[in-house]
Amino acid sequence: MKRVLLFLLILLAGSCTDKVKDKEEIRQLARDNYVDDFFPINWLLQGYRNAYYAFPADYDEFLAYVVDCKEHEPFLSEVERIDERLGGQDIVDLLSRTKVFYASFGDSVFFYLPDYQVGSCVIGTPFYWLEHPEEYDRLDFEGLFQSAAYDENGSYLFSDRFDYERLGRLNDSIASCYDYVVISEEFRYDGLSDEPLKRQMPYWSIVAFTSEGDSFEILSRVKSTDSLYVGNRPCTDNLPVCCKEYLDDLQAIIRTAFSENPDAVRIVTGIHWYLGKV
């Protein structure tokens, strides 16, 4: 039944989405008619970004995520009603029956609804923000690096199929056991100045684990050791070596997560790097 519903929604979406508009034109329409945080479309795009550490490549991929989200996240039915300007349609009706111009640029998504003359965008994947922390006034880095688990088909496991709260508690429990967090000097907005300033920030990396074996993969670019600090001293060795004890603890809780959530075969998450166990 779910597959039939998804097929019908994608078919309707395809008939409602203008294929003639090129991506640059859609981006300009979104900018010219910009509405900040156009809820819930922006919110759902942000949810996709948190789930997949990327943006939907096309409109159909986004719509498939919305259908999955409605099935697996019960709270969506409470917040799916659209702004009064859109006639009170629910989110699936809106996205499947209303003409939507959609353009993905890899690290950003722009969309425009011509029937309502409104547009908006979501900018920055977690990988993008790690590479360009100075470009935008983005203070909520924590929210960009949430754990995301996937099944054998690569589909995101919503919270009804994976216990993210328990994984978060386990992660917090080992982080509190260490004296030092690795620091990086970055240009970041501090909320008080108009220009980014150099600040010392805990260093983030994006890593992936699989249910087979104890190995892990660092997905994001790792800075050179001379630009990373522990206390007031530069790191003297590469992070997997100097933070090995922390990584061993982290891999132990990931193994626990896999054992307690049998649908999961891969986990992607953001981590800080710790050393100096208490």
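Mind listing just one residue for me: the one in segment 128-146 that is within 13 Å of Ile206 (Cα to Cα) and open to solvent by 70 Å² or more (accessible area, probe 1.4 Å) and, of those, modelled with the highest pLDDT? Here the answer is Gln146. Residue pairs whose Cβ atoms lie under 7 Å apart, separated by 6 or more positions or on different chains, with the first residue in segment 195-215 and modelled with pLDDT under 75 and the second open to solvent by less than 80 Å² (accessible area, probe 1.4 Å) and part of a strand (DSSP E or B), are Pro196/Arg188.
The residues of segment 264-278 that are touching an Asp or Glu at 6+ places or on another chain (Cβ under 8 Å), assigned to a loop (DSSP other than H, G, I, E, B) and at pLDDT 90 or above, listed by number, are Ala264, Val265.
The values are calculated or read from the model by the stated rules, or taken from the named source; none is laboratory data. Please read these numbers as outputs of a predicted model, since none were measured by experiment. As a convention, Cβ positions derive from the backbone with ideal geometry for all residues, glycine included, and neighbour counts pool all protein chains shown. Remember, those area values only see protein heavy atoms, side chains included, never the ligands or the DNA or RNA. Shrake-Rupley method; radii C 1.70, N 1.55, O 1.52, S 1.80 Å.
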